[in-house]
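First the structure, in the form of structure tokens, and then the observations on it.
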Amino acid sequence: MAWHYTSTGINTPDTFSNSTDANTLDDFETGVWNGVFSDGSNSGGGTSPGTDKYTKVGPHVSTNGDMGIEDVTGYSGGIIITGLPFTSNKQSSGMALWRNIDYTNGANVMLYVPGSGTNILWYEAQDGGAYVHILFSNWGTTDSYFNIDYHTDT
């Protein structure tokens, strides 16, 4: 693989050939993914107008997004964002900024990606070390900004 420096930055080829050299960067990708809100039974109540982006370098995937809630009538379970661009190969956690969430103890919100999953689950980290899945009933009409890093085998 040949990289070329131009006046606008480093230009990579359209396709990579895998290398057996551990010090060769041969797996790099950027793109857009469309997250969808779900409660485990219902899905599609969120909007993600092309603002969910990812960068993949080797097995490391870094994602971020901006999602708003539209119609979540009938949603009662925990908040889940489905559709990560790659399946995780181990558990990961991340961060979020949100507005209008009514949660119990004023603790922190934690994002969680289960191993072998393509979903982001929203949890409240409570005093004493307990984690509670944040429910749609705790979330008003709002939007969220989030970032989560995880690893994949693909």
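Rounded to 0.05, the FRET efficiency of the S137 and N34 pair, given R0 = 25 Å and the Cβ-Cβ distance, is 0.50.
Taking the number of Cβ atoms within 10 Å of each Cβ as an exposure proxy, the fewest-first ranking of E124, E29 is E29, E124. Sorting the segments 84-95, 127-138 by their mean number of nearby beta carbons within 10 angstrom, highest to lowest, gives 84-95, 127-138.
Based on the Cβ-Cβ distance of D27 and L97, what FRET efficiency does E = 1/(1 + (r/R0)^6) give at R0 = 30 Å, to the nearest 0.05? Efficiency, rounded to the nearest 0.05: 0.50.
Rule-based calculations on the coordinates, nothing more; no lab input. Values in this document were obtained by computation on a predicted structure and should not be read as measured data. Heads up, the Cβs are rebuilt from the backbone with ideal geometry, glycines too, and the neighbour counts pull from every protein chain shown.
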